Amino acid sequence: MEITWYGQSCFRLRGRGVSVVTDPYSPSMGLKLPRLTSTIVTVSHDHEDHNNVDAVKGSPFVISGPGEYEVEGVFVIGVSTWHDDRGGRELGRNTAYLIELEDLTICHLGDLGHVLSQEQVEQLGHIDVLLVPVGGRSTLTGTRAAEVVGLLEPTIVIPMHYKVRGLKAQIETANRFLREMAVEEPERLETLTITASSLPEETRVVLLEPKQ
C-alpha cells in the first residue's frame, strides 16, 4: 500500500485497484490539492479544510460519520470523538476512522482535540499506521498527540495537520511533537510504501512531504 500526504489531514491510501482519500480541503487553505480519483472519501467533520469531497473524482463513496462500512473490500469503522477538549461545546464532533486495506489497519484521527478515553482506545484497537494531528490550536498539541500515540501504541506514526509552507492556518509545526517523541532525525519520505510483512518491530515516526 502507498500512503501519500497532500497537507492538512488529506491523504491518499492506495492499494491494488482501490484507494481512499481522507479529508480533502478547500483551496482557501492556501494549498493546492492535485487531481485525485478515489474509491472512498472519508470526512472527519464538516469544516472547509476537511470536507471538499467535490475535488475527488471517480464518484467515490463518501463516509462522513460514525458507523461500519464495507466498500469494494475496504472496511471502514468510524468512531465518534470531539474536535475540542470540552465535549464538543466549542468545535463540535469529530470522527476518527479505522481503515482496513491490504491487510493493514490505518487510523485517521481527523481533527481530534482531546486525549482519548479508555473506551475510545478500546474501540480503535490494534493500529498499524496512525495519522495524528499535532499542530495544536483546534486539534491536539504536540504534547497531547504524543500522549495519544502512547495510548494507541501504533507501529508507524505519521503526523498531520501542522504548519507547512503555503498553509494559511495559524497552527504549529511538527517540532514539539517530534521532541515529545524523542525523534531527533525524523525519516522524511515523499510516499510511504508499506506491507503487513514489512512493519517494523518498534514504533517508527515518518514525516511525509506534502505533495502539491
**Complete:** The farthest towards the positive end of the charge dipole of the chain, of the residues Thr4, Leu31, Met160, given +1 on Cβ of Lys and Arg and -1 on Cβ of Asp and Glu, is Leu31
**Message:** Need one number: nm distance between label points at Ser198 and Glu185, each 7 Å from Cα along Cα→Cβ, rounded to one decimal.
**Reply:** 2.1 nm
**Item:** Within straight-line cross-link reach of Lys211, aspartates and glutamates at Cα separation under 17 Å, skipping those fewer than 8 residues along the same chain
**Value:** Glu2, Asp23, Asp49, Glu187, Glu190
**Item:** Sorted by Cβ density within 10 Å, fewest first, the residues Leu13, Leu208
**Value:** Leu208, Leu13
**Message:** Quick check on the exposure proxy: order Thr95, Thr37 from fewest to most C-beta atoms within 10 angstrom.
**Reply:** Thr37, Thr95
**Fill in**
The long-range amide H neighbours of Ile156, using H built 1.01 Å from N in the peptide plane and a cut-off of under 5 Å, are Val129, Leu130, Arg204
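Using the Cα centre as the reference, give the magnitude of the dipole from point charges on the C-beta atoms of the chain (Lys, Arg: +1; Asp, Glu: -1; all else neutral), rounded to the nearest 20 debye.
Numbers: 19 positive and 30 negative charges, 186 e Å.
Using Cβ point charges on Lys, Arg, Asp and Glu, the chain gives about 900 debye.
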**Asked** Which one of Gly135, Ser117, Val149 is farthest out on the positive end of the charge dipole of the chain, using unit charges on Cβ (Lys, Arg +1; Asp, Glu -1) and the Cα centre as origin?
**Response** Gly135
**Fill in**
Taking a straight Cα-to-Cα line shorter than 13 Å from Lys163, and setting aside same-chain aspartates and glutamates fewer than 8 residues away, one finds Glu172, Glu209
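Every read-out reported here was derived from the displayed coordinates using simple, explicitly stated rules and does not represent laboratory data. On a predicted model such as this, the values are computed, not experimentally measured, just so you know. With ideal geometry, Cβ positions are generated from the backbone for all residues, glycine too; neighbour counts draw on all protein chains shown.
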